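Structure, as structure tokens:
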Amino acid sequence: MTDPRHADLSVPAAATAPVAPMPGDRLGGAITVAAILIFVLTGSAALSTLIGQSGAIDGAIDRVLMIALLLNVALILFGWRRHAALLLAAQNHAAAEARAAQLAARDPLTGLLNRRALIEEGGAMIAQANRRHKVVALVLLDIDHFKRVNDMYGHGTGDTLLKQVAAEVTDAMPPVALAARLGGDEFACAFLFDASVPQTVERVAERLMSRMARPFVVDGLELHVTGSIGIARTDVDSPSIDALMRSADIAMYAAKKAGGREALWFDASMERELKARNEIEVGLRAAIANHQLVPYFDRQVELTTGRLVGFEVLARWEHPTRGLIMPAEFLAIAEESGLINDLSFAVMRHAFCQARDWDPGLTLSVNLAPGQLKDAWLGQKLTKLLAETGFPAGRLEVEITEAALFGNLAVAQSIVASLKNQGIRVALDDFGTGYSSLAHLRALPFDQLKIDHSFIASINDNAESAAIVTAITRLADTLNLAVTAEGVVDEAIEARAKGLGCARGQGYHYGQPLDAAQARMLLAERGLLMAHPVPEPADLRRSA
């Protein structure tokens, strides 16, 4: 859909430049001019002879002059045709150059400007805005979860959707604006506005968000997609087109991180946050390679006897300058950047090696992040790690959250089956906070339920929490599943959880998580270290 309101602000140079004469064109013109001069001279001589003969026509005209006259006519015709042909070729060449220039400036799929053209024309727009004491706004739109459309329906459907979104972007813009597709599913538009009326820009963003909230119809399919929008302006830390695009991109990333479906103005705090995030990501890569990610061990206690039965492995980052960094600061970034699997396996390797010579009755629980459940080979990789470290599969329990199962149930079933076949126990973590707990219990062979700490912490103050815990323990008893209460912070909560049927407790009531040395010291005091340690596997000795 082409709207005359959104015509280009500039015309490609090749379309307006005069056609340069070609060498053949000059030659044809010279032949024509020479032929005409010869014709005039020869024709004048012939006419003079004709008049001087007093009407004696037959045989009176000199044959040489007549032949010269006819040859000159032929030369004129040849020169004219040559000139016309070369002129047409020059025009076609100029048109082809103009077409090539247009293609170089346009996205071939949507017809919008491409990134290079937006940078060129956006710079000119900023210069124009400065002269007119106006401000340039850049609105950057990214389609949320667009990859899912390509994966489910194919790239043809995805391309059609992009065309429809491009049309909507164009339609939402003011009469004079630059609209561009920057690549993939990212669109940008730039336009002038009065600095005192930012609502002008916000209305444009609102129109776009409103349209993205409605389904797009492609070949009879209703596609429900949303968008994240970042907005930047030239009078706020973005005086150049490059800075403007970067600021809008940062704001768009912040909108996407907040859950999408909203438009955010760029703020300097966003850039600081992004810089800190990038520093953590870069630092994580080095930390994994340098073995700075270490396990801490959170005690799990049998409520009826008070006996220590195991530990949950928690990740900590021993930063060389910042000290101990808690997982809340880096786990989400590790998932977003694709580092979670390397990080998780590094921590598990360290934990397995530390716990090989602990009492055989002590178990280790490890958490699997949602992103790890997308790896169909996860079970095999974990089994390989157990073999390399010499840690018994029967002492390992893998914890999976309900949120991790959402959308990945088929892969999760395959992973869980693989783990169970190796003798590894599987627990459903944070039970009661997910989307379909009962369906997950039916679909996957769990060994244990871990009740989310939010219910346990308020078990003595909130009747609803107590009722939920009661219902979970009764359900677990019917399904022959053990129940662990997370978040036990004092003796009263411990007693109530025990009374409601929880078999195990975990939380600060039993002490802070321990590093490897502290855990070993505790186990030594309780006589829970093996008298004859399991030999270290040969491959680990070699790598050390």
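A few notes on this one:
- Scope the stretch 167-180; condition open to solvent by less than 40 Å² (accessible area, probe 1.4 Å) and either modelled with pLDDT of 95 or more or touching a Phe, Trp or Tyr at 6+ places or on another chain (Cβ under 8 Å) (or both); matching residues: V169, M173, P174, A177, L178, A179, A180
- Among the residues of the stretch 386-397, not a single one is among the basic types (K, R), over 14 Å from D515 (Cα atoms) and open to solvent by 30 Å² or more (accessible area, probe 1.4 Å).
- Taken over the stretch 147-166, the residue count meeting the criterion of being at negative phi and open to solvent by 20 Å² or more (accessible area, probe 1.4 Å) is 12.
- Selection status of G260, outside any loop (DSSP other than H, G, I, E, B), within 15 Å of the chain's Cα centre (by Cα) and closer than 28 Å to D159 by Cβ: no
- Any hit, the stretch 289-297, residues being free of Cβ contacts under 8 Å to residues at least 24 places away in the same chain and either under 29 Å from the mean Cα position of the chain (by Cα) or surrounded by 20 or more Cβ atoms within 10 Å (Cβ to Cβ) (or both): yes
Condition check ((1) crowded, with 22+ Cβ neighbours inside 10 Å; (2) among the polar types (S, T, N, Q); (3) in contact with a strand residue (DSSP E or B) (Cβ under 7 Å, 6 or more places away or on another chain)) across all residues:
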| site | (1), (2), (3) |
| --- | --- |
| R261 | no, no, yes |
| V282 | no, no, no |
| T304 | no, yes, no |
| S337 | no, yes, no |
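- Filter pass, D342 being under 29 Å from V426 (Cβ atoms) and either out of contact with any helix residue (DSSP H, G or I) (no Cβ under 6 Å at 6 or more places or on another chain) or among the aromatic types (F, W, Y) (or both): no
- Any chance G184 is without any contact (Cβ under 8 Å) to a residue 60 or more places away in the chain and buried (at least 19 other Cβ atoms within 10 Å of the Cβ): no
- Residue within the stretch 144-167 that is in a strand (DSSP E or B), closer than 15 Å to M212 by Cβ, under 20 Å from the mean Cα position of the chain (by Cα) and not acidic (D, E) present: no
- Against the list (1) at pLDDT 95 or above; (2) at positive phi, the condition V366 fails is (2).
- Taking the conditions (1) at pLDDT 90 or above; (2) touching a helix residue (DSSP H, G or I) at 6+ places or on another chain (Cβ under 7 Å); (3) within 15 Å of D144 (Cβ to Cβ); (4) not acidic (D, E) in turn, A232 satisfies each one other than (3).
- Note on the stretch 436-465: among residues that are touching a residue at least 40 places away in the same chain (Cβ under 8 Å) and crowded, with 19+ Cβ neighbours inside 10 Å, the one that is farthest from E491 (Cα to Cα) is Q448.
- Number of positions in the stretch 214-260 that are within 23 Å of R277 (Cα to Cα) and among the polar types (S, T, N, Q): 3
- Within the stretch 315-335, if we keep just the residues that are open to solvent by less than 40 Å² (accessible area, probe 1.4 Å) and in contact (Cβ under 8 Å) with a residue 24 or more places away in the chain, the residue that is nearest to A287 (Cα to Cα) turns out to be W317.
- Residue match in the stretch 504-516 (condition: modelled with pLDDT of 90 or more and of a type in the set (A, V, I, L, M, F, W, C)): yes
- Among the candidates E399, E388, residue that is touching a residue at least 40 places away in the same chain (Cβ under 8 Å) and out of contact with any helix residue (DSSP H, G or I) (no Cβ under 7 Å at 6 or more places or on another chain): E399
- Test: residue in the stretch 481-493 that is under 17 Å from L362 (Cβ atoms) and either open to solvent by less than 20 Å² (accessible area, probe 1.4 Å) or at pLDDT 95 or above (or both): yes
The values are calculated or read from the model by the stated rules, or taken from the named source; none is laboratory data. These numbers were taken from a predicted model, which means no experiment stands behind them. In this analysis, Cβ positions are derived from the backbone assuming ideal geometry, glycine residues included, and neighbour counts consider all displayed protein chains. Side chains included, ligands, DNA and RNA excluded: accessible areas come from the protein's heavy atoms. Shrake-Rupley method; radii C 1.70, N 1.55, O 1.52, S 1.80 Å.
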